[in-house]
Amino acid sequence: MGTYLLRRAAQAVPVLIGITLAAFVIIHLVPGEPAKILLGARATPAAVATLNKQLGLDRPLPTQYFDFVKGALTLSFGESITQKTTVGSLLGERIPVTAFLLLCSVLVSIVVAVPLAVASALRRNRAADHAIRLFSMVTFAMPSFLLGLLLILAFSLNLRLLPTSGYGEGLVGHLRGLTLPAVTVGLYLAPILLRTLRVGIIETLGAEFVEAAKARGLSAPRIVLKHVLRNSLVSTVTVLGLNIGFLLSGLVIIENVFALPGLGSELVSSIATRDYPTIQALTLVFGVAVVAINLLTDLLYAVLDPRVRL
Amino acid sequence: MRRSIGVRSASPGRSSHRLLPRIAALPALLLVSALLAACGSSSSSSGSTSSASEAGTPVQGGVLKFARAEDADVGLNPINAPSNGSIFIITQIFDQLVEMGQGSEVEPGLASSWEKSADGLSWTFHLREASFSNGEPVTAEDVKFSIERFANPKINVSYPALGEAIKDVQVVDPHTAIIHLKHVNGALLDDVAMFASSIEPKKVVEKIGDKAFSEHPVGSGPFMLTEYVRGQKTVLARNPHYWRAGQPLLDGVVFEYVPDANTRVLKLRSGETDVAAAIPYNQVASLNGTEGISVEVAKALSWQSIFLNTTKPPLGDVKVRQALNYATPKEEILKTVLYGNAQIANSMIPPLKYWDASVKAYPFDLEKAKTLMSESSGSKGFKLELLIPSGDPVEQQIAEVLKAEWAKIGVNVDIVQREVGALESGWFEGKGGMAATFEGGTLSSDTLSDDEIAGLTLNPEAGLHSLGTYYNNPKVNKLLAEAGSTLSEEQRAKDFAEVQQIAMEDAPAVPLFFTKSVTGVRSNVKDFQTYPIGWWPLRQVWLAK
């Protein structure tokens, strides 16, 4: 196990270097420079040059990249170019929002998907199964911004139960603010889990050990919950892990619609202003998150299936 | 000049930004359309949504909730504030010597009166009794400090041209300051009314420095900053030392950052916010039909244009440029894309102080356009690459209409969407594209008189190659110089009117519309106004119980 973790960590290094290097090269290739954006096109070339010097943007690109790597190793990412704060404190403000949103979204998707998948699999090809699958197709196919707006219309405007947007204050405020976005994301994610899990359960139901359990007179709920579900979860966990990585990038839209101060909206605005240090740090955070989630998925795999040895 | 920015992401709402320095504009996704531009005619134009007379007696108290498309994420220091997200809040916190209002003339601000010397080189300002929000009095020393910063191109790097004429400031006594000029500046009062020349407390800025000051601003304006939460909100409280007796009426204002235009509209509908800025054109009518909400479509000193690079053949031929103007169905675009919320432009710049309403806009006349084309160097037709900001549905719709119409005169438009930063950096340097329009489609003035925008748009010496058109007409340059260096209002009006006429004939651009500010206001908000310069004076606003 220890060696496995070490090996995985070692594998992550080239991945992260690749991601940050690619982001660095691409953003510097794109026309538009931060000093001009910050000072305005009317600033004199001298003023632009002075600011570039202050920002350290007059140095050769390889030097700039190595400085970033050096800083990243000590978790010091320097100052944001456009916002009057350090990149570190920006991340500190924004990571919790996105992490919390992601966590709530995954919880919603599990709460929705697992019972429906079980119900659907047990009533395979009957009306309930068709209804559940149709429902999942609709929420999956609906663009998240549209679903989000529909939820705001229903729950905020008509029922006045939840705020239309914003992160609120305090834990209760955050939870209220995150409810609709988490449901929006959760309803997108749920169908993916539901379908994988449904197939898993159907396959497992046909396995010999299930027949044996039935023959031994175990109750149906016990068979499903204890034996079938656990054996069906393996592939679902993999799918979930992959999708969380994918969702990270998709949160930009949701964060905008619900005015949440998360990582996605920050990434978009920092790209628009060519805020290089912030872009670099965010790319790294996204990279680390995806790598970590994949690792976690594999570890969970081993927990669920004792035959898998790490 | 400020620019209204559309914003990144899928579909923009538009928010305004200064033209050049743009910064985080934030995203507004879906909806779109915009804001800034706006409206026309019918709905409530300019002025207050509900005047005091109809609405009862103003009462003190309450906190106004105001949803905006932009965050003040770049700080609140008047010098070099790079985006409207900050500028429109700076103007609530700071005062200037003279102020902009609804009209085209500046009004008394911290200076209750002023006079100029016979040669126009010395302007004496008499300060009223006023205090900063920390209780310290505003003195001539603060004026000297602030105006000399404004005049110093090493400090005021974003707007160096506007303070350029100022030599120094002389403190006569604590209540009198004289601004000495290097040369006559016909627009001096307009220049010292802009946000960058706000009066700052010398002691505080010197003690804490510019960086800290931008996070902890201290001004003499109606409100003061109490809290800023990045990416979420800016909270202001009434300045207890404000000099206008009985104002502000509000206890405070909370500016919430809500980047998505649809979400802003929904917040307004649900009553979670009292005011929502930057309402998309296509939602104006439906909001106006909603009880308890009205949309203020106000005059703005902003305009939308398709700029033509006159160095790229055949756009060097004035007949080709005029033909493009005649072949542009502005009425149709106004109706179908902007839902009537703008005014057709009869000038290359917005309707500023010396705007001549009698100049004719180019009518839509395909026959005339065809004739001009056939006489021009582009008679065989040509391909025109039109750069538009990516992800902005309004710009895209306008570009599609142009493509269809201009094809009829043999101009094959190739619409190229560019990310905003890339579009601008290429366009101003003459690289990429024969024609372009900017993010959010509109640019706006920072001052009330024509000098700033006319210079940037028509005079290559102003540093932006005439906004990338490379237009250069010695006669226009001479008239602009003359207007800028005289104090005779009559002469200035005459010169700018002549410039307007000549520039329309030379057509270095296809001016489309004078755009408007579109703000949704709930009916409990009284005496709300939008100034043509773009922001909302909030000191007189009150909330009905």
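Suppose the chain between B:Ser485 and B:Gln170 were pulled fully straight at 0.36 nm per residue; how much longer would it get relative to their current alpha carbon spacing?
Using 0.36 nm per residue and subtracting the Cα-Cα distance, I get 111.2 nm.
Using the 10 angstrom Cβ neighbour count as an exposure proxy, how do B:Val157, B:Val229 rank, fewest first?
Exposure proxy ranking, most exposed first: B:Val229, B:Val157.
Taking the Cα atoms of region B:197-303 alone, what are Rg (to one decimal) and Dmax (as a whole number) in Å?
For region B:197-303, the Cα radius of gyration and maximum Cα-Cα distance read 17.4, 52 Å.
What range in chain B is the longest one free of GluC sites (Glu not before Pro) that are in a loop by DSSP and have at most 10 other Cβ atoms within 10 angstrom?
Details: sites that count: B:Glu129, B:Glu291.
Longest site-free region, per DSSP loop and neighbour criteria: B:292-545.
Under 18 Å Cα-Cα from B:Lys408, which lysines qualify once same-chain neighbours fewer than 8 residues away are excluded?
Straight-line reach from B:Lys408, under 18 Å: B:Lys319, B:Lys330, B:Lys368, B:Lys370, B:Lys380, B:Lys383.
I'm a student and want to see the number: the projected area of the Cα convex hull of region B:436-543, averaged over all directions, in nm². The partial results should precede the final answer.
Details: hull surface 35.4 nm².
Across all orientations, region B:436-543 yields a mean hull projection of 8.8 nm².
With each label point set 7 Å from Cα along the Cα-Cβ vector, what nm distance links A:Thr63 and A:Val172?
5.6
Considering Cα pairs under 8 angstrom that are at least six residues apart, work out the relative contact order of chain B and quote it in whole percent.
Details: 1447 pairs, mean separation 131.9, N = 545.
Taking the mean separation of contacting Cα pairs over the length of chain B, I get 24 percent.
Report P(r) for region A:117-175: all Cα-Cα distances, bin width 10 Å, range 0 to the bin holding the largest distance, values in whole percent.
Percent of pairs per bin, in order: 20, 29, 27, 21, 3.
If you average 1/r over every pair of different alpha-carbon atoms in chain A and take one over that average, what Kirkwood value in Å do you get?
Here the Kirkwood hydrodynamic radius works out to 22.3 Å.
May I ask you to derive the FRET efficiency for B:Ala404 and B:Arg128 from their Cβ-Cβ distance with R0 = 51 Å, giving the value to the nearest 0.05?
So the FRET efficiency works out to roughly 0.30.
Could you line up B:Val420, A:Val48, B:Val521 from fewest to most neighbouring Cβ atoms inside 10 Å?
Fewest-to-most Cβ neighbours within 10 Å comes out as A:Val48, B:Val420, B:Val521.
For B:Ser104, put the label point 7 Å out on the Cα→Cβ axis and report which residues of region B:514-538 keep their amide N under 15 Å from it.
B:532-533
Let me have the relative contact order for region B:394-545, percent, based on Cα pairs under 8 Å that are six or more residues apart.
Values: 122 pairs, mean separation 20.2, N = 152.
Once normalised by length, the contact order is 13 percent.
Filter the trypsin sites (Lys or Arg not before Pro) in region B:144-216 to those in DSSP coil with at most 14 other Cβ atoms within 10 Å of their Cβ, and list the result. Mind dumping the intermediate values first?
On the way: sites: B:Lys144, B:Arg149, B:Lys154, B:Lys167, B:Lys182, B:Lys202, B:Lys203, B:Lys207, B:Lys211; in loops: B:Lys154, B:Lys182.
Listed in order of number, the matching sites are B:Lys154, B:Lys182.
Within the set of other residues whose C-beta is less than 13 Å from the C-beta of B:Val253, count the net charge using Lys and Arg as +1 and Asp and Glu as -1.
Its environment carries a net charge of +1.
How many nm is it between the label spots at A:Arg307 and A:Leu157, if each spot is 7 Å from the Cα in line with the beta carbon?
Distance between label points: 5.3 nm.
Between A:Ala10 and A:Gln54, what is the label-point separation in nm under the 7 Å Cα-to-beta-carbon projection?
Result for the modelled spin labels: 4.6 nm.
Percent relative contact order of chain A, based on C-alpha pairs within less than 8 angstrom and at least six residues apart?
26
How do B:Trp535, B:Trp303 rank when sorted from fewest to most other Cβ atoms within 10 Å of their own Cβ?
B:Trp535, B:Trp303
Counting only Cα, what are the radius of gyration and maximum Cα-Cα distance Dmax of region B:84-159, in Å?
Rg, Dmax (Cα atoms, Å): 13.8, 40.
Above 31 Å lies some portion of the pair distances; for chain B, what is it as a whole percent of all C-alpha pairs?
45
Just to be sure I understand the curve: with the Debye formula and one point per C-alpha of the protein assembly as shown, what is log10 I(q)/I(0) at q = 0.09, 0.10, 0.11 Å⁻¹?
Treating every Cα as an identical point scatterer, log10 I(q)/I(0) equals -0.92, -1.10, -1.29.
Can you give me the convex hull volume of the Cα atoms of region B:447-498, divided per residue and expressed in Å³?
It is 71 Å³ per residue.
Just to confirm a number: summing +1 for Lys and Arg and -1 for Asp and Glu over residues other than B:Ser270 whose beta-carbon lies under 15 angstrom from that of B:Ser270, what do you get?
Local net charge: +2.
Which residues among region A:111-125 fall inside the zone where the amide N is under 16 Å from a point 7 Å beyond the Cα of A:Ala131, along Cα→Cβ?
In region A:111-125, the label zone of A:Ala131 (backbone N under 16 Å from the point 7 Å along Cα→Cβ) covers A:115-125.
Mind checking which lysines have their Cα closer than 29 Å to the Cα of A:Lys70? Skip sequence neighbours fewer than 8 apart in that chain.
Correct list for A:Lys70: A:Lys36, A:Lys53, A:Lys84, B:Lys211.
Subtracting the Cα-Cα distance from 0.36 nm times the residue separation, let me have the gained length for B:Val59 to B:Glu461 in nm, one decimal.
Length difference between fully extended and current span is 139.6 nm.
Can you figure out the FRET efficiency of B:Thr226 with A:Ile202, using R₀ = 41 Å and their beta-carbon distance, to the nearest 0.05?
It comes out at approximately 0.10.
Run through every distinct alpha carbon pair of region B:55-104 and return the Kirkwood hydrodynamic radius in angstroms, one decimal place.
13.3
How long are the semi-axes of the equivalent ellipsoid of region A:111-269, taking √(5λ) for every eigenvalue λ of the Cα gyration tensor, in whole Å from largest down?
36, 16, 14
Within chain A, which complete DSSP H helices have Cα atoms spanning at least 24 Å along the helix axis and a mean Kyte-Doolittle hydropathy of -1.0 or higher?
Numbers: long enough: A:2-29 (41 Å, 1.45); A:87-122 (51 Å, 1.98); A:170-205 (45 Å, 1.18); A:229-257 (39 Å, 1.39); A:276-304 (42 Å, 1.70).
Going by DSSP H runs, the hits are A:2-29, A:87-122, A:170-205, A:229-257, A:276-304.
Laboratory data are not the source of any read-out in this text; all were calculated from the coordinates shown. This one's a predicted model, so the numbers in the text were calculated from it and none came from an experiment. Quick reminder, even Gly has a Cβ in these numbers, built from the backbone with ideal geometry, and neighbours come from all protein chains shown.
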